[in-house]
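Structure record follows, encoded as C-alpha cells.
The values are calculated or read from the model by the stated rules, or taken from the named source; none is laboratory data. Being a predicted model, the structure only gives us computed values, none of them experimental. Reconstructed Cβ throughout: ideal geometry from the backbone, glycine too, with neighbour counts over all protein chains shown.
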Amino acid sequence: MQQKAYRCSADCYDARNPTSATISNCVENCQINSKQSAQVTSAEMQQYQGRIQRAMQACSDKVGDMQLKNPSMKEGEVMQAFEKCGGEVVTEQIGMLGGVDKRIRGGLNQLFK
C-alpha cells in the first residue's frame with residue numbers, strides 16, 4: 001500500500017503543466033488510503049493500550065487496598081503482589097491480541113472494499 005502511494009505521488013509530477021496546487025491535491029489523494037489505514041490501526045491500538053492501563057490501575061488499587069488492610073506488609077510483598085497482578089494482566093491482554101488483529105483487519109477491509 002505504501003509503495004503504491006509513493007508511486008502514485010511520483011506520478012503526480014508527470015502531469016502536463018503541473019502547478020503546485022494540482023501536485024499537492026494529487027499527492028494528497030494518493031495518500032488517503034495510507035492515512036485512513038493508519039487511523040484505523042491507531043484507534044484500535046489506543047483502545048488496547050487503554051484497556052491495559054485500566055487493568056494495571058486496577059492492580060495498583062488492589063495492592064493499595066491490601067496495604068491498607070495490612071499496614072505491616074513489606075515492600076517486597078507489595079512488589080510481588082503488584083507483579084503477580086500485572087503478570088496476569090499481561091497474559092490476559094496477550095490473549096486478546098488476536099481480537100485486536102481481527103478488528104484492525106476488519107476495519108482495513110471496510111476501507112478497501
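I'm checking my understanding of the structure. Among residues of the range 68-113 that are at pLDDT below 95 and of a type in the set (S, T, N, Q), which one is farthest from Gln39 (Cα to Cα)?
In this case the residue turns out to be Ser72.
Quick check on the range 88-113: of everything there that is hydrophobic (A, V, I, L, M, F, W, C) and surrounded by fewer than 11 Cβ atoms within 10 Å (Cβ to Cβ), which residue is farthest from Gln47 (Cα to Cα)?
Only one residue tops the list, namely Phe112.
Residues that are among the hydrophobic types (A, V, I, L, M, F, W, C) and without any contact (Cβ under 8 Å) to a residue 12 or more places away in the chain: does the range 48-57 have at least one?
Going residue by residue through the range 48-57, those that are among the hydrophobic types (A, V, I, L, M, F, W, C) are 52, 55-56.
Okay, now just the ones that are also without any contact (Cβ under 8 Å) to a residue 12 or more places away in the chain, so none.
No, the range 48-57 contains no residue that is among the hydrophobic types (A, V, I, L, M, F, W, C) and without any contact (Cβ under 8 Å) to a residue 12 or more places away in the chain.
Could you look through the range 2-61, keep only residues that are assigned to a helix (DSSP H, G or I) and of a type in the set (Val, Ile, Thr), and pick out the one that is surrounded by the most Cβ atoms within 10 Å (Cβ to Cβ)?
Ranking the qualifying residues of the range 2-61, first place goes to Val40.
Which one is farthest from the chain's Cα centre (by Cα) among residues in the range 66-113 that are polar (S, T, N, Q) and farther than 15 Å from Arg51 by Cα?
Filtering the range 66-113 for residues that are polar (S, T, N, Q) and farther than 15 Å from Arg51 by Cα, the one farthest from the chain's Cα centre (by Cα) comes out as Ser72.
So, of the residues in the range 28-71 that are of a type in the set (D, E, K, R) and in contact with a helix residue (DSSP H, G or I) (Cβ under 8 Å, 6 or more places away or on another chain), which turns out to be farthest from Tyr6 (Cα to Cα)?
Restricting to residues being of a type in the set (D, E, K, R) and in contact with a helix residue (DSSP H, G or I) (Cβ under 8 Å, 6 or more places away or on another chain), the top hit is Lys62.
Cys85 - would you say it is assigned to a helix (DSSP H, G or I), surrounded by 11 or more Cβ atoms within 10 Å (Cβ to Cβ) and out of contact with any Lys or Arg (no Cβ under 8 Å at 6 or more places or on another chain)?
Criteria not met by Cys85.
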